[in-house]
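Below you'll find the structure, written out as structure tokens, and then a few comments.
The values are calculated or read from the model by the stated rules, or taken from the named source; none is laboratory data. Being a predicted model, the structure only gives us computed values, none of them experimental. Cβ: placed from backbone, ideal geometry, glycine included. Neighbour counts: every protein chain shown. These area figures cover heavy atoms from the full protein model, side chains too; ligands, DNA and RNA do not enter into them. Shrake-Rupley method; radii C 1.70, N 1.55, O 1.52, S 1.80 Å.
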Amino acid sequence: MKKITFSIFLLALIGMVLSTASCKEDEVEFTPKESLKLQNYDLLFDCNASQGSVTVDAVGNVTVQSEQPWCNATASGNKVNVSVTDNTSTEGRSSKLTIKADGKEIVVVAQQKGLVFSVNDGNAYEVIAAAQEHVIDIAYSGNKEISVEPSDVDWVTFAIKDGKLYANCQLNTADKIRETEARVKAGGVTSTVTIRQKNLYFIVNNGNDYIGNDNATTVNLPISTPEGIEYSVAESVVDWARFSIVNGDLRVELDANETGKPRQTETTITYAGGLTTKFKIQQADFDKDVLGTYTLQYGSGSKRMIELEKAADGQFQWRFLDGNIANLGATIPVHIDQATNTMNVMSNVDLEATYVKDGVTYKLTTRILYQNSAGSLYSKNSDKLGMIGTLTIAENGTCTWNFVINNDVASTYSLYGLRIGYGTGGYTGWVGSYTTFANPVLVKE
């Protein structure tokens, strides 16, 4: 009996030991699963209101908080849904999103691009003077309807078609550039562009009359005007000249001048739908037809005869043919530009003549006089002051030079005349007046 009891006790003890050994052998250390990892995200947005999301790997409850009010974020399970409002600024923006779960947090950034809204890349849009409709590009990345405010000027109208700005401009007949603004809108945002229209000009032969010699000739004269301006030339009113437009130039065809006199005509060019300009054509051999004997008309019907001629040095001069000044052998040097048929008579020029008074010999000198609106006379100590004569030729061949003051004095003054004085020379050596030719005009019949 005792043996059985002991055996049972021993078996129980062995079982306990075995049981204990078995437990130690199966024991494993527990390490919690790592949580709150980003799985994928889409947080780069265009300027328009749109949605994105973030997915995280988390065990516990997920929460999220957005830094900026324009960026709304909500958690749904392991997914964070993100929505952004329209960005009407041209600047991009960002908002931090703080995601929490399992006692941890992750910060991610939502980014939204700025609005692109500019007309003609923000530059002024220049148009020609001609009437024309212009199509102007608009760069716009938003999703609102684009419109344009009505024009505040009467020479251009605006419209939006197919995402572009249409500017319908009328002809600018002024000689000045004009401009206005087009205000393009999308939602509550406005983009402006300056519309600048160039001025109208119409220049024939670089602004100069055509002056030909007595030979028969055909010449094409350039016409400068803005692109898109159409023009035509009237028929000639004389039988010795013909006009036409050839490849944009004014073609002038002249017969030989055998009249023995200079001759002149003009033609009318119509451009830009009704505007007109006159263009003069002169035909003469300058030395034969223009130089020669002229009547110098001045004052109230007074006259002197002069020879407009070339001097020995090849320059031009007036040589007096009658009166006391002729007896002194006086000649006045002048400069003539044959390309423009203009003549310059300058002040403070010593003439090739002398005058004796009270036993004293003086030099004769030119002086140009000008006057104001009240008639007061002035002169200037400057060898740049002068009077400019322009040649006109009548239908009968009469040559006339009319004079005005040059631009060495203000435009508020006008020419009074040419004075011949005596002295020791120049402005400072002036002693007195020998004679004055008020309002001089040269005429050759």
If I filter the stretch 333-355 down to residues being at pLDDT 95 or above and of a type in the set (A, V, I, L, M, F, W, C), which single residue comes out as farthest from the chain's Cα centre (by Cα)? V334
Every residue in the stretch 275-303 that is open to solvent by 50 Å² or more (accessible area, probe 1.4 Å) and assigned to a loop (DSSP other than H, G, I, E, B), please. D285, S300, G301
Is it the case that V404 is more than 27 Å from Y362 (Cα to Cα) and either free of Cβ contacts under 8 Å to residues at least 40 places away in the same chain or open to solvent by less than 10 Å² (accessible area, probe 1.4 Å) (or both)? yes
Cβ pairs under 6 Å, 6+ apart or interchain, first in the stretch 88-115 and among the aliphatic types (A, V, I, L, M), second in a loop (DSSP other than H, G, I, E, B) and open to solvent by 60 Å² or more (accessible area, probe 1.4 Å), ordered by first then second residue, are L115/T88; L115/T90
Do you know which residues across the stretch 139-181 are part of a loop (DSSP other than H, G, I, E, B), touching a Lys or Arg at 6+ places or on another chain (Cβ under 9 Å) and open to solvent by less than 50 Å² (accessible area, probe 1.4 Å)? S141, V153, W155, N172
Tell me which strands (runs of 3 or more DSSP E) are completely within the stretch 67-122 and hold 3 or more residues being of a type in the set (S, T, Y), or say none if there are none. 93-101
Can you say whether T218 is open to solvent by 40 Å² or more (accessible area, probe 1.4 Å), under 25 Å from D137 (Cα atoms) and either of a type in the set (A, V, I, L, M) or in a strand (DSSP E or B) (or both), as far as the supplied structure shows? no
Across the stretch 293-317, what is the number of residues that are among the hydrophobic types (A, V, I, L, M, F, W, C), in contact with a Ser or Thr (Cβ under 8 Å, 6 or more places away or on another chain) and without any contact (Cβ under 8 Å) to a residue 24 or more places away in the chain? 2
Among (1) in contact with an Asp or Glu (Cβ under 6 Å, 6 or more places away or on another chain); (2) at pLDDT 95 or above; (3) of a type outside the set (A, V, I, L, M), G114 falls short only on (2)
Residue among V119, V108, V135 that alone is surrounded by 13 or more Cβ atoms within 10 Å (Cβ to Cβ) and closer than 30 Å to E227 by Cβ: V119
Test: residue in the stretch 50-63 that is modelled with pLDDT under 95, loosely packed, with under 15 Cβ neighbours inside 10 Å, assigned to a loop (DSSP other than H, G, I, E, B) and not hydrophobic (A, V, I, L, M, F, W, C): yes
Confirm whether A256 is in contact (Cβ under 8 Å) with a residue 24 or more places away in the chain, in contact with a Lys or Arg (Cβ under 9 Å, 6 or more places away or on another chain) and not in a helix (DSSP H, G or I). no
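Please go through the stretch 312-325 and pick out each residue that is open to solvent by less than 70 Å² (accessible area, probe 1.4 Å) and either in contact with an Asp or Glu (Cβ under 9 Å, 6 or more places away or on another chain) or within 17 Å of G421 (Cβ to Cβ) (or both).
F316, Q317, W318, F320, G323, I325
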One residue is enough: does the stretch 30-43 have a residue meeting the conditions modelled with pLDDT of 95 or more, open to solvent by 70 Å² or more (accessible area, probe 1.4 Å) and closer than 30 Å to S118 by Cα? no
Give the residues of the stretch 326-337 that are over 9 Å from A353 (Cβ atoms) and either open to solvent by less than 50 Å² (accessible area, probe 1.4 Å) or touching a helix residue (DSSP H, G or I) at 6+ places or on another chain (Cβ under 9 Å) (or both), sorted by residue number. A326, I332, V334, I336
Matching residues in the stretch 170-212 (of a type in the set (A, V, I, L, M, F, W, C) and under 17 Å from A124 (Cα atoms)) number 5
